[in-house]
Structure formats: C-alpha cells, structure tokens
Amino acid sequence: MASTSGKQASKNASKSSSGGSSSGGGSLPAMPGTTSSLMGSLNKKKKPFLGMPAPLGYVPGLGRGATGFTTRSDIGPARDANDPVDDRHAPPGKRTVGDQMKKNQDDDDEDLNDTNYDEFNGYAGSLFSSGPYEKDDEEADAIYAALDKRMDERRKERRELREKEEIEKYRMERPKIQQQFSDLKRKLSEVTEEEWLSIPEVGDARNKRQRNPRYEKLTPVPDSFFAKHLQSGENHTTVDPLQGQFGGLTTPFPGGLNTPYPGGMTPGLMTPGTGDLDMRKIGQARNTLMDMRLSQVSDSVSGQTVVDPKGYLTDLNSMIPTHGGDISDIKKARLLLKSVRETNPHHPPAWIASARLEEVTGKLQVARNLIMKGTEMCPKSEDVWLEAARLQPGDTAKAVVAQAVRHLPQSVRIYIRAAELETDVRAKKRVLRKALENVSKSVRLWKAAVELEEPEDARIMLSRAVECCPTSVELWLALARLETYENARRVLNKARENIPTDRHIWITAAKLEEANGNTQMVEKIIDRAITSLRANGVEINREQWIQDAEECDKAGSVATCQAVIRAVIGIGIEEEDCKHTWMEDAESCVAHGALECARAIYAHALQVFPSKKSVWLRAAYFEKNHGTRESLEALLQRAVAHCPKAEVLWLMGAKSKWLAEDVPAARSILALAFQANPNSEEIWLAAVKLESENNEYERARRLLAKARSSAPTARVFMKSVKLEWVLGNIEAAQELCTEALKHYEDFPKLWMMRGQIEEQSGTVDKAREAYNQGLKKCPQSIPLWLLLSRLEEKAGQLTRARAILEKSRLKNPQNPELWLESVRLEYRAGLKNIANTLMAKALQECPNSGILWAEAVFLEARPQRKTKSVDALKKCEHDPQVLLAVAKLFWSERKITKAREWFLRTVKIEPDLGDAWALFYKFELQHGTEEQQAEVRKRCENAEPRHGELWCAESKHILNWQKKIGEILVLVAAKIKNTF
C-alpha cells in the first residue's frame, strides 16, 4: 500500500508543476504603443476580432491587473459562524454554521499523526487521497488487490486451521452455560415423575389482593331507597356512572326504563319533594312519546302506514333514520337552500332541493308545504309541478296536476303523470285524449294512448297519429303491422314519401313482401332502399345494416336477412381485407345466434373467392356444426368441384356419407378423389379405414399393398402393420414391420409397434432390444423412453427403469412427461418422499407444465391440496390438465355443482382431451341424471377426442380398434377409480 501512495505522490507532484507552468505562460503582456495605434485604425473600420473565438488561455482584463471578481449570487448570503443551520434536528456539534465549517475542514485534512502510522501499511488513509483518482490509479489498485487475494488464498488453509484451534482453545477455557450444565442435564433422565412433581414451585412475591383479584360486585338499589330519599327531600350531588354510560336514568324497576332524554336528571323523578313515584304517569308519558314518533313515520308519500304499531317495540329498525348525514350538515344545507330561495325565489331547482332535503330527513309535511310554495313562485316550471305531484298523496296529487295543466297546457310530461295517477283504464284514456286535443304532435302521447286501445281502435287512432306526426317511423310501422297486406303496402309507401331517410321502413316493406310469399320482390326492395337512401344523402352504415339483418333472422324473415347481407356486405371494405372481414362477420353472426346471416355471408364469400380452400373449409365446418347433413354434402360437392386438390374436402364428404351408412357413395367419392389426387397418402388411408371399418379386410389389404407399391410412406407401412396385428396375423405384422424399418428406421412408431408386438408375444428380451434400437435411431421420442422404462418396471428391474428415465431426461431436458413418469415410478414403488423431492425438482425445471401441477395437487395430503391447486392455477391458468385436477378436487370434496362447472370449463377449453370427457362421464354416472349422462356422451361423440393418457390406453388397444367414440368413453370411465 505504501508503494501505491508513493506513486500517487509523484504523479500529483508532476501535475502541480505542469499546471503552474501553464498558468504562468497563459497571460498576455500589455502593449501600450500598439494599443494606441489600433484604436486609431478601429475608428476607421470594423474591429477584425469581433465574432471570433478568444485565444487559448486568454483571461479578460488580466493585462490591467484584474483577476476576476465574485458577486453575492455566486457565494450566497453572508452568515455568521454562530447562525443556526437549516437542519432543525441536527445533533450537538453541528447546530451552527461554524460547527459545520469546522467539521468540513476536519474532513478535508488528513490525519498524518505518528500514532496513525503503521510500519507495514503506512498511514490509515492515503497520503494523497485528496488528489484525483484516475484510470492508471484504478489499474494499479486492481493489480495490488489481485496480488493480495492470491497471497491470501495461499495461506487460507493454515489460517483457517489456526483460527479453528484458537476457537476450540477459547471454548475449553470459557465454556458456554449450556456446556457447563450438560452433565446435569443428562442426569435429569434419571429423575422419576414423583420426584419431578415434588419440586416446589417458585413463590409469588405479590400480596394476596394482587394474586387473587376479585371483580367488583354491583347490587341493584331497591325501590324503597328511592322512595325514602324522595320523601326526605335530599339532593344528590353526584351522578350515577350508569347515567353517564346510558345517557339517561336507568331505573331499577322490572323491565327497566331508559329515559328518552339525552342525559341528566329527568324532571319530576330526581327533584326534591315529597310524594310517591307515580308509575301511571310514567306509563302515560311513554305512550305519548310513542304516539308522537309513530305519527311522524306513519305517513308516507302514498298515504299508507309504513310502520306496524303493534310490532313497534320489537322492530327497532323502523326507527333508524333514512338519511346518512350529520345533523349539523342538514342544518347547514337547510340554511343554504333558504338563502338561495330568498335570493332568487323564481329559481325552480332551489325549491325542489329544499323539498327533497325535508323529505329525506322525515319531515314530509314541511316538504309538501315548501314545494307548493314553489309552485306559486314558479308556476311555469314543469319540474316543480311534477315534484309536487310526486310528494302529494293520491287525490291531492290529482288536484296538483290539474292545476299544473291550467298553467302549462302544452306540457307532455304533466299529461303523462296525470294518466299515471289514474287507476282506471277509462280515466287514463280520457286524460290522454284530452292531452292529444291540446298537444296533437306528441309522439309519446300517441304511443301511450294507442297502447291502451284494442287493435281496431288502435288502427284508427294510428291513422290519425301519422297525419299529426308524419315524421315518426314508429307510428308508421305500428300502423303497417295492424293493416292488411294491401293497406300496409300503401301505408309504407306514404311513410317512405314522408321519411325518405329511414332504412327501417324499407326493411319492413321487404319483410312484408316475404311474409306474403312475394320473395322475388325482397331483393329489389333492398337494392332500391340502398339507392334511395344514398340519393337522399344517407351514409350506409354497414354494422347497423348487419344488426338489422340479424334481427330479421331472429324474426324468421330469412329472405330479407339474406338480401340485406348481400346488399351491404361489401360496402366500405378494401379488396385485400374482404376475406378476413367477412370471416369475422360470419363468426360474429354465429355468436349472436343469427345462423342464416352467417350462411349468407359464407355464400357471398364463396361467390367472390370460389377457389379459396380456407373459405370452403370454414363454410363446411359451419354446416357440420349448425346445418343438416344434406346441406353439408351439397356444399362439399360444390367445394370439390372448385378445389379438387383439397384432400380434406374430399375426406369430409366421404366421412359424411359413411356416417350416414351410405358406404357405396363414400367409395365413389374416394374414387373421384383418387382421380383428382393420385397417390395421395391421406386418401389411400381413408379408403383403407372405410373398408376395414366395414369388415372388408381383404379389400383393405389390397388397397394397402397398392399404396405400398405406388405411394410408399411410413404411415402407409404403419397402417399395414397395424391391420395385420389387429387381425391376429402376428408373423405377417412382424415381417411388414421389419421391411418398413429397412426404409424408415427413423420413424419411432414402427419401433414402438415392433416392441409392443414382441411384448405381447411374451419375448421381453426382443422387446427390450427393439426399444433400445429405436432409441438409438430416435433419441428424441418420448413414448419410446416411457415404453422401455415401463417394460423394465414390469420385469421388476426398478433400478434399471430409474436409470433409463434419468438418461432420457439428460437427452431431453425440460420434458414434463419424463419427469412425471419418474415421479410416478417412485410413487408406485412406495417411495413417497423421493417422489415428492422429484416433483419439486420437476416443477423447478418445468414451472409452467400443467400435467406436473395436476399431479402435484394429488401428491399432497388432503388439507394441503386446495392451496396447491391455487398455486397451480396461478402458474397455468388455462391449462386443461390443471382445470381437470381442480374439478377432481371438488369431486373428492363432494362439491357437486362446482365440480360440474369445472368439468364443463375443461372440455370447453380442450375438447380433444379424452381423459376430461371420461372423468366427466364418470362423474355424471355417479351424481347426474340420465339426461346429463346422455348429454355428456353426445358432446363427446361430436368432439371426437384423440388424446389423453387414459383415453389412448383404451382407444389404441388392439382389442378396441373397431370401437366407436361412445363405446371407448364407457370403457375408459369404467376403468377410472375414485382413488383421489
């Protein structure tokens, strides 16, 4: 460290010398003669140095002795050394400016005292710490630090050994209290229970009263005490604590009377005087008080009692005030509103607000008086009259409304309120007809009046209504609905003349023509509607028209709906966005339940894009899910005509025929598909499946032989092996498998089948060899690793199975299926602790794996499962395996409704998961009705699941190769046991 300090010292010294020389040489000497000559020339022309940068080292005014100056703004305000600092909570020694300056000076000065000097390390600080710390200083320090670290590592073992010996020596000389009494603790094991119990307890130093606290006992005062003191005329100078607690006098009489006054002594009970307590008067006072309170709350807006007087004492909730404000706030609001009323008495909102404030505080009569005063001050305000009618009871409200009509004969709202106050239909009609005499152009009044009439009278009234309000679309359409076909056409034509800018009239006209069988006119009307509306300056809003089409669809007007869709579907869309937008529109219509709209959109899209395979597929899936078999087949026939190279469309058509048990038609479709797509693997395999499903095994064999010769692929060979295997021709299957592996040795399914055939034959060694050879060719195939591990486990070679799984995890890191098999292997072997440890490691390596979290939930003990399931849902919120585990958890806790909800959620998110369907079906078999069981089975058959551990174990078993989805569902559900 000393060398470092020396190096810095030399550097700083050199810097100071160079700095001094530069500062000395930077000044400019004064030249008086030159200056005078320059001044003369500068008067003649512009100074040449103006606008140029100053020379290096130039200091303004240095020639005339000026060395710069400092202003007050540079150094701040002057402060005395005894002035306090800004920090109010500064510690002693730092509370004045002088203290702070002294401290800063001390910090800057280095402690170079001899007592601070060490022979090896030098001074405690650096001698030149105040100098700048530059890059070469940093490099030197790094080198010295590396040397120190290196030297420290060389002596590390000896130093640690020496420290350990010193600690042991120190412990021997000064042992802990625990070590001193260790021999006595060992002897405690010899103490018997009787000796232990006979050890005296530590004495309690407190006195008897502290050790045995007794609660204060309170005894009620007898009646005679009150009577005696009332007669003697004594005054009480203290207040009973119970009075302070309850805010009144708690009397000792049976039943107890809490006085309603808010404190102190009630008049007549505690006053000095003579005489006995008059209980009759007390009872009368209580009854009077109750009558007052009942009268306050009994009168409501409708004039009916809202409190049951008999149940008043038991139903104390009726006494709770309806307002939540403080009394002082109410007083302030009342004062403020009073000021507003007096300042501007003709301001209606002030009267309304005042009345509502009194209504909220329970003073209904005051509110009524205020609002009636408001009607006098603001007789032309509609709102004030309506508020007055609302606050007044029945008949009085009618009188108020009648008075309002005299002041405001054109007010529609007052007429509507008058009609609402009437209870008899005739009276309502009379009021509304009187209103229509005064306000004949109000659509609202006409609609209210028409709603009360019979159809024939309503038609007559609507005829008059459309004359008075010719611009109301609703009145025209209502009249058209009540008229006959011919009259309705005339009405709608008149409506179009009066309102040429409304689309609803045109759509209603189209629906009218469709309802009367005149479907050829529908298209013309909609086209004319678009043309007419554009001519009248109406913008065609595509979304609104599609909504109208959906409403037509729901109302059963299919032709109108389709015509509207065809007319507006292409408006306002760029050509490159058409396909994408139309597919979204169709999906939106399906979501809203407007299937005919969606069908019309698909039909239009197919006309525009007849060669787009994706559009045909969307339309085909729509027909499959929402249409009939006939509509699907008709669509597929058109599809394959336009897209003959789309194999999936041919296959959908063949499958539809096969499901309808029309095998010859399915064969003919596949034959046509062969012509359009020669040597297509998918079509070959579909033809083979069709024949094998219908027990035509020889035809299937011939087809496979043709396929192997003309279109040899790994899948074709695999299907050939599978066919021979399921038919029991093991030797033929093995021969085909050997031949296939010569061509496709990197196809793992062939190695799996070879191993499984050998395993089924009982030759475990050959099966092991097949799996091992397959893993050499396909080390990334997870099912092969699992099959080999399970083979060893069945053979009792647990250690070998474990080693295989460890090797597989090394070759395929972060694979949840391999981790899951390792956990289950330990669990099946009864090593639950190891299984839990492995699960923890697995979740660290694969934190977002649903199958691992689902297994982890049921590895826990029952009390911890719920917590684990919450953690699983946080990590994998939408994983079907986790959702399924939660459903099983609710099932195990007998929470049937919740379990059913989670099962439904699981099959909705992943309908291809067969395990979810099987567990759901098993659940319904135990807790559901027959209808629910049939519903689950039907939905499963429609979904056609293909995946799932339990599902694949049954569906791919050679004995179940011809079973349908529903049969496999029953088989898997039967294998499930409620062990969770």
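The values are calculated or read from the model by the stated rules, or taken from the named source; none is laboratory data. Please read all numbers here as calculations on a predicted model, not as lab measurements. Because the Cβ atoms are built from the backbone with ideal geometry, glycine has one as well, and the counts that use them run over all protein chains shown. With ligands, DNA and RNA removed, areas are computed over all heavy atoms of the protein, side chains included. Shrake-Rupley method; radii C 1.70, N 1.55, O 1.52, S 1.80 Å.
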Sorting T288, T581, T423 on solvent-accessible surface, 1.4 Å probe, most exposed first, gives T423, T288, T581
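Too long at a 23 Å Cα-Cα cut-off: which of K766/K964; K689/K766; K373/K398? Write down the numbers at each step before the final one.
Numbers: K766/K964 33 Å; K689/K766 30 Å; K373/K398 17 Å.
Check vs 23 Å cut-off fails for K766/K964; K689/K766.
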With a 1.4 Å probe and all protein chains left in place, how much accessible area per residue does region 719-814 have, in Å²? 53 Å²
Mind checking the full-extension length gain between L336 and R390? Use 0.36 nm per residue of separation minus the Cα-Cα distance, one decimal, nm. 17.1 nm
If I stretch the segment between C578 and A803 completely, what's the gain in nm (0.36 nm per residue apart, minus their alpha carbon distance), one decimal? 75.2 nm
At R699 and R64, where each label point lies 7 Å from the Cα along Cα→Cβ, what is the point-to-point distance in nanometres? 12.1 nm
Taking Y697, Y170 and ranking on accessible area (1.4 Å, protein atoms only), highest first, one gets Y170, Y697
Taking 0.36 nm per intervening residue step and subtracting the Cα-Cα distance, what contour gain separates N729 from R406 on full extension? 105.9 nm
Quick calc: nm separation of the 7 Å Cα→Cβ label points for K908 and Q365 -> 5.9 nm
What spacing in nm lies between the two simple spin-label points modelled at Q544 and R444, each 7 Å away from Cα in the Cβ direction? 2.3 nm
Rounded to the nearest 10 Å², the accessible area of V764 using a 1.4 Å probe with every protein chain kept is 60 Å²
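From the protein chains alone at 1.4 Å, what is the descending order of accessible area for R534, R900, largest first?
Numbers: R534 135, R900 50 Å².
Listed by decreasing accessible area, they come as R534, R900.
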Förster radius 41 Å - calculated FRET efficiency between K874 and D765, Cβ distance, rounded to 0.05: 0.30
Peptides 927-937, 189-199: what's the order by average Cβ count within 10 Å, highest mean first? 927-937, 189-199
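Take the Cβ-Cβ distance between L50 and E134 as r, set R0 to 30 Å, and report the resulting FRET efficiency rounded to the nearest 0.05.
Numbers: r = 40 Å, r/R0 = 1.33.
According to the calculation, E is roughly 0.15.
Ranking request for peptides 179-185, 624-630, 850-856, 429-435: highest mean number of other beta-carbon atoms within 10 Å first, then the rest in descending order. If you can, show how the numbers build up before the last one.
On the way: 179-185: 9.7, 624-630: 13.4, 850-856: 23.4, 429-435: 18.4.
The most tightly packed comes first, giving 850-856, 429-435, 624-630, 179-185.
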To the nearest 0.05, the calculated FRET efficiency linking K832 and E745 through their beta-carbon distance, R0 being 56 Å, is 0.85
For region 863-936, what number of Lys pairs, 8 or more residues apart or on separate chains, have alpha-carbon atoms under 19 Å from each other? 18
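Using per-residue counts of other Cβ atoms within 10 Å, averaged over each peptide, order 795-808, 382-395 from highest down. List each step's numbers first, then the result.
Working: 795-808: 16.6, 382-395: 19.4.
Put in order of decreasing packing, that is 382-395, 795-808.
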